[in-house]
Amino acid sequence: MSDTILFVDDSKVVLATAKDLFLEEGIQILTADSAMEALEIFQRQDIAVVVSDNCMPGISGLDFLARLKELAPETVKILMTGHADLPSALEAINKIGVYRFLVKPWKDEELVEAVLEGIRHHHLLDSLRKEKEDVLCSLAQAIELKDPSTRGHCDRVAIFALLIADVLQLSKNVKREIQYGSWLHDCGKIGISEAILNGSQQLSEEEYVVMQQHSGWGADVAAKANLSQMVRNIIHYHHEKYDGSGYPTGISGSEIPLEARIVAVADVYDALMTDRPYRKKHTHEETVAILKSMQGSALDPELVELFLSLVTVVKPDTDPLPDTDPLPAAAAKATDFIQSEE
């Protein structure tokens, strides 16, 4: 069985016992003696099922699994506690989406069966995710049909945004949500008339007011579709500006969710590099100069610097070509950026 489970407990004896039990069952198991160590594992590896003790020093099991709701939504969560605690069980099930609640000391057969059920449930969630990806991608392509000048824009924005996310070492699940949000960032344009979208002149003041509605409309669509908060943030806030002069809410700086700031850089870069009905595309050199001029005003200055250290040449209809070896310098900038975000 290729699926990996993670067992989290502050007792090394408990971890050793669990490891022996699951290895005997042919199940791949990793262990962590704290929630912090477990979170680090989630940053670098996919986990099908996590079994966590509740009462641990530092971050409790409940708080740890609550963090995983956004970080690893498809990981099946099992919470264990040393005593029957009905309020904790109800909170775990109703608020955090915990799949099972078990009491310690566990019965081997009960624990193994719960994990095997969790793995089967994970397979179901994974199948639904793949189907959802197809649906989301098709929706993005349908939206682009309303505005032929933006064909391929959403895919390219996703590529550029993931370049930044990779260097920032964001988790696989976060990168997946950034990809979804990039695909759907302009989904609210489904409510904008083609006359506005495809006009050959700059928008009038009245048309611009209408156009500004698309981020809110798109966020509403995403909420009704039960998409993640991260995807909704990208759709809702990708036109906010770093200096607070953007829309729809006028928030600024780090108030703008990181995922939205990332996609904003990617969105502006691709928009400048492509033909639009009212203007011709800019050269790469011109685009770089414009992006630099937007640092600290429209765009996050550190993310712009990071992105430009990765992308040097973009040829028509191809992915960006990085420098010969841009990653060390970019990684150093990313480290500084991550520390500033904490």
Spacing of the two label points (7 Å from each Cα toward its C-beta) at Lys281 and Gln202, in nm: 2.3 nm
Testing the spin-label approximation: label points 7 Å from Cα along Cα→Cβ at Glu110 and Ser293. State their distance in nm. 6.8 nm
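Quickly rank 253-261, 8-16 as a protection proxy: mean count of other C-beta atoms within 10 Å, highest first. Mind showing how you got there, number by number?
On the way: 253-261: 19.2, 8-16: 16.3.
Sorting 253-261, 8-16 by mean packing, highest first, produces 253-261, 8-16.
At a 10 angstrom cut-off on C-beta neighbours, averaged per residue, how do the peptides 203-209, 227-233, 246-252 rank from highest to lowest? Walk me through the numbers before you get to the answer.
Values: 203-209: 11.6, 227-233: 21.0, 246-252: 15.9.
Listed from highest to lowest mean packing, they are 227-233, 246-252, 203-209.
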Virtual spin-label span in nm between Glu24 and Ser11, 7 Å along Cα→Cβ: 1.7 nm
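If the chain between Ala225 and Thr249 were fully stretched, how many nm would it gain, using 0.36 nm times the residue separation less the Cα-Cα distance? Mind dumping the intermediate values first?
Details: separation 24, 0.36 × 24 = 8.64 nm, distance 2.22 nm.
The span from Ala225 to Thr249 would gain 6.4 nm if fully extended.
Kindly flag which residue pairs out of Lys77/Lys132; Lys69/Lys175; Lys172/Lys241; Lys132/Lys172; Lys69/Lys104; Lys12/Lys104 have an alpha-carbon separation exceeding 19 Å in this structure.
The answer is Lys77/Lys132; Lys172/Lys241; Lys69/Lys104.
Only the coordinates and a few stated rules stand behind these numbers; no lab work does. Bear in mind that the values here come from a model prediction, so they are computed numbers and not experimental data. Cβ coordinates were reconstructed from backbone atoms using ideal geometry, including for glycine residues, and neighbour counts include every protein chain displayed.
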